[in-house]
Amino acid sequence: MSYKNYPMVSRVIFGRGSFNQLDEIIAPKRLSAKAPFIFFVDDVFKGNPWLTSRISLSYKDKIIYIPTTEEPKTSQIDQLVEDIILEFSERPSGIIGIGGGIVLDIAKAVSIMLTNEGEAKDYQGWDLVKNPAIYHVGIPTISGTGSEVSRTTVLTGPDRKLGINSDYTPFDQVILDPELTKDVPTEQWFYTGMDCYIHCIESLNGTFLNAFSQSYGEKAYDLCLEVFVENKLSTEDSQDKLMMASWHGGMSIAYSQVGVAHAMSYGLSYVLGTKHGIGNCIVFDHLEEFYPKDVKLFKAMKSKHDIELPTGICADLSETELDIMINVALSLEPLWENAIGKKWKETITPQKLRNRSQECYSYYTFVNLFSDSSFV
Ligand code: NAD
Ligand code: ZN
């Protein structure tokens, strides 16, 4: 048995207003006047001086605003890297990502691709990155994905949606300033927060669970309940605790794995472009068979916060699209193995999922979800 030797974020700062220390934190990392810091900033903050006036630019430093209508693509990473190489005579001193999971993942991927040959798609998978990334800093402005602590950056490539999982992916520095999340709209707060809740459920109910994952997963789960179920926290405490839930949820899956909801949500995202948080919610809502107690609680949280999930999003999918969705979901083998066990292929096969006469609960889950019941 060989155990994973897991890399961690080397430095982290936590506290309301800690974002003000960004400048002093990164200043010693400047390599030269010609080697800029590049700030990738979620474009929701464009024209928002409350945040942007606190980013101090020197020499050739640059802010690049990142739109978040779509999740990151490998081609987008290649383009950003090419633009940076063409614009600056020296390799940047560092990349700073300020935003949600999309911006954090883009910051990680660009910092890797600035020191590694070829295209981002070549590195989708596990441990394919050869050279250390440049210095990179993550500053989440919404809580839930755990991207701030994880060893992956999730990208959609020409063939698949898969992370660049590597020892060089985690941030060198993270700034956890819960105040930055104060203007997140309620629905998005719920979707991204539920990503954290689902990380905990899938980790805690998975076959890969161990004491390391469990200790973080249980803490994150309890924090999610404080934030989303019990009604006792001040707004500030709620923001603080959700930010720490995200961190712990990320730590929990680091040493275990996610499960059925994530596998199926990746399928949705690949074919329909459904975003991660809402996609997980849409899927999780249908997974009573796998996670009965926690889906029930999810439904209660949904109604408590007046969240209405879209329905029927797969109603018009063709047979081919349905097949692609199923294949993308099933290609994420470690997720199924974690959820069901080593012999998962005996119960969850493409044939079974496609065979409409098969009375298999996983089959019904797929059919209900992916075809809006129209095949049953
Ligand atoms: P996101 O990055 O899409 O952000 C959601 C929305 O919230 C965006 O419209 C954004 O502009 C807005 N937003 C962010 N901060 C805000 C603020 N302070 N005020 C107002 N609006 C704000 O969503 P997300 O759920 O954080 O991230 C999803 C992405 O993260 C996906 O691409 C997913 O694949 C990835 N992800 C990565 C990991 C990982 O470990 N690397 C884990 C889970 C998810
Ligand atoms: Zn997730």
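Placing a label point 7 Å from the Cα of LEU272 along the Cα-to-Cβ line, no residue of segment 80-107 has its backbone N under 16 Å from it.
How about LYS299: which aspartates and glutamates have a C-alpha closer than 12 Å to its C-alpha, ignoring those fewer than 8 places off in the same chain? Here the aspartates and glutamates satisfying the reach criterion relative to LYS299 are ASP285, GLU288, GLU308. Relative to the longest principal axis of the Cα atoms of the chain, helix 319-331 runs at roughly 70 degrees. Restriction of the chymotrypsin sites (Phe, Trp or Tyr not before Pro) in segment 1-82 to DSSP coil positions whose beta-carbon has at most 15 other beta-carbons within 10 angstrom yields TYR3, TYR59.
A straight Cα-to-Cα reach below 27 Å connects LYS73 with the lysines LYS46, LYS60, LYS62, LYS108, LYS121, LYS130, LYS161, LYS275, residues fewer than 8 places away in its own chain not being considered. Accessible area per residue for the chain, computed on protein heavy atoms with a 1.4 Å probe, is 43 Å². The alpha-carbon of LYS342 sits under 19 angstrom from the alpha-carbons of these lysines, leaving out residues fewer than 8 places away in its chain: LYS4, LYS352. Pop the C-beta distance of GLU288 and GLN214 into the FRET formula with R0 = 25 Å and round what comes out to the nearest 0.05. Here the calculated transfer efficiency is 0.65. Estimated purely from DSSP H runs of n ≥ 4, each contributing -39500 (n - 2.57), the mean residue ellipticity at 222 nm for the chain is -13500 deg cm²/dmol once divided by its residues. Based on Cα contacts under 8 Å between residues 6+ apart, the chain shows a relative contact order of 14 percent.
How much length, in nm to one decimal, is gained on full extension between GLU117 and ARG54, taken as 0.36 nm per residue of separation minus their Cα-Cα distance?
On the way: separation 63, 0.36 × 63 = 22.68 nm, distance 3.39 nm.
Length difference between fully extended and current span is 19.3 nm.
Give a quick list of trypsin sites (Lys or Arg not before Pro) in segment 66-161 that DSSP marks as loop, anything other than H, G, I, E or B, with at most 13 other Cβ atoms within 10 Å. Walk me through the numbers on the way to the answer.
Working: sites: LYS73, LYS108, LYS121, LYS130, ARG151, ARG160, LYS161; in loops: LYS130, ARG151, ARG160.
Answer in residue order: LYS130.
Quantify, in whole percent, the carbon and sulfur part of the accessible surface of segment 24-136 (1.4 Å probe; protein heavy atoms only).
Working: 2680 of 5170 Å².
On segment 24-136, the fraction of accessible area on carbon and sulfur atoms equals 52 percent.
Working from label points 7 Å from Cα in the Cα-to-Cβ sense, the GLU308 to MET1 distance is 5.0 nm. Restriction of the GluC sites (Glu not before Pro) in segment 225-262 to DSSP coil positions whose beta-carbon has at most 11 other beta-carbons within 10 angstrom yields GLU230.
Determine the percent antiparallel among the DSSP beta bridges restricted to the chain, to the nearest 5. Display every interim value, and only then the final one.
On the way: 3 of 27 bridges.
In the chain, approximately 10 percent of DSSP beta bridges are antiparallel ones.
Largest GNM mean-square fluctuation among GLY273, GLY250, GLY97, using the chain with Cα springs under 10 Å: GLY273.
The values are calculated or read from the model by the stated rules, or taken from the named source; none is laboratory data. On a predicted model such as this, the values are computed, not experimentally measured, just so you know. A quick note on method: Cβ atoms are made from the backbone with ideal geometry, for glycine too, and the neighbour counts reach across all protein chains shown. Side chains are part of the model used for accessible areas, which takes the heavy atoms of the whole protein and leaves out ligands, DNA and RNA. Shrake-Rupley method; radii C 1.70, N 1.55, O 1.52, S 1.80 Å.
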